[in-house]
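Derivation of every value follows stated rules applied to the coordinates shown; laboratory data play no part. On a predicted model such as this, the values are computed, not experimentally measured, just so you know. Heads up, the Cβs are rebuilt from the backbone with ideal geometry, glycines too, and the neighbour counts pull from every protein chain shown.
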Amino acid sequence: MTLIDADGTVVADDRYQLPDADELLARYRSLVIARRFNEQAGALVRQGQLAVYPSTTGQEACQVAAAAVLRPGDWLFPTYRDSVAIMERGVDPVEVLTLLRGDWHCGYDPTVRHVAPQATPLATQLPHAVGVGYAATLRGEDTVVMRYGEHPPAAAPRSSRRTPTGSTRTPTPTTPAGTAARTRSSSGVPGIRCCACEST
């Protein structure tokens, strides 16, 4: 799927409409803030003010776009590298950095913005996301649960129970573009390739 080509020209696609100018400007603002946030957080690590900060430089668009489409009642399950997505959900940047400073398990109340605490071990948030999605299905709720990170076999319960859980990740040099979409399709989870960001 391509909506804008490498030259910035809009590619017509009847299935998808580009957001209006105000929405595009708001998302661009988020990208600028995200880049500045990354720079400042990196400086805080070098100053000894943060224990660690996994940079999201180069992944800002994937995080902003994926988090921006969630409704207030939908849930986000981030990994350690998804600070920008958490901010896009409305969590204060200082609260986002609390965990990375080592002050507390989570610097914000997850129930307020429907954002689970960041998870440092990869894929540990997946069973929680699947559980929330499955519970929403059982209750008949119109809730989407999005989680960031890798797509291990633990997602099988999601596809077999048809829970509204999606995932997004950015390919790395060791994971060729399109790999996640192919993996999802083979496990019964529909996937599409969106530029450098893959999403279901």
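Yes or no, residue by residue, for (1) among the hydrophobic types (A, V, I, L, M, F, W, C); (2) closer than 30 Å to THR137 by Cα:
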| position | (1), (2) |
| --- | --- |
| LEU25 | yes, no |
| VAL52 | yes, no |
| TRP75 | yes, yes |
| HIS105 | no, yes |
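State all residues of the stretch 1-22 that are touching a residue at least 40 places away in the same chain (Cβ under 8 Å) and of a type outside the set (S, T, N, Q); if no residue qualifies, say none. Steps first, answer last, please.
Pass one, the stretch 1-22, residues touching a residue at least 40 places away in the same chain (Cβ under 8 Å): 1-2.
MET1 - this is the single residue of the stretch 1-22 that is touching a residue at least 40 places away in the same chain (Cβ under 8 Å) and of a type outside the set (S, T, N, Q).
Can you tell me which of ALA116, ALA123 is under 21 Å from PHE37 (Cα atoms) and among the aliphatic types (A, V, I, L, M)? Please lay out each step first, then the result.
Values: ALA123 fails: under 21 Å from PHE37 (Cα atoms).
Only one candidate passes the filter, namely ALA116.
If I filter the stretch 48-57 for residues that are surrounded by 11 or more Cβ atoms within 10 Å (Cβ to Cβ), touching a Ser or Thr at 6+ places or on another chain (Cβ under 7 Å) and among the β-branched types (Val, Ile, Thr), do I get at least one hit?
Filtering the stretch 48-57 down to residues surrounded by 11 or more Cβ atoms within 10 Å (Cβ to Cβ) leaves 49-57.
Filter once more, so that each one left must be touching a Ser or Thr at 6+ places or on another chain (Cβ under 7 Å): 56.
After this cut, where a residue has to be among the β-branched types (Val, Ile, Thr) as well, the list is 56.
So far as the stretch 48-57 goes, yes, one or more of its residues are surrounded by 11 or more Cβ atoms within 10 Å (Cβ to Cβ), touching a Ser or Thr at 6+ places or on another chain (Cβ under 7 Å) and among the β-branched types (Val, Ile, Thr).
Return the residue satisfying two criteria in turn: it lies in the stretch 99-116 and is surrounded by fewer than 18 Cβ atoms within 10 Å (Cβ to Cβ) and free of Cβ contacts under 8 Å to residues at least 24 places away in the same chain, and of such residues it is nearest to VAL52 (Cα to Cα).
Ranking the candidates gives ASP103 first.
Does the stretch 59-115 hold any residues that are closer than 26 Å to ARG46 by Cβ, assigned to a helix (DSSP H, G or I) and of a type in the set (Gly, Ala, Ser), and which are they? First the steps, then the outcome.
Of the residues in the stretch 59-115, the ones closer than 26 Å to ARG46 by Cβ are 59-64, 78-88, 91-108.
From what's left, assigned to a helix (DSSP H, G or I): 60-64, 83-88, 93-101.
Hits for the stretch 59-115 are ALA61, SER83, ALA85.
Take the residues in the stretch 127-151 that are assigned to a helix (DSSP H, G or I) and out of contact with any Ser or Thr (no Cβ under 8 Å at 6 or more places or on another chain), then tell me which one is surrounded by the fewest Cβ atoms within 10 Å (Cβ to Cβ). First the steps, then the outcome.
As a first pass, look at the stretch 127-151 and keep what is assigned to a helix (DSSP H, G or I): 127-139.
Still in the list and also out of contact with any Ser or Thr (no Cβ under 8 Å at 6 or more places or on another chain): 127-128, 131, 135, 138-139.
Values: PRO127: 15, HIS128: 16, GLY131: 14, ALA135: 13, LEU138: 10, ARG139: 8.
The qualifying residue surrounded by the fewest Cβ atoms within 10 Å (Cβ to Cβ) is ARG139.
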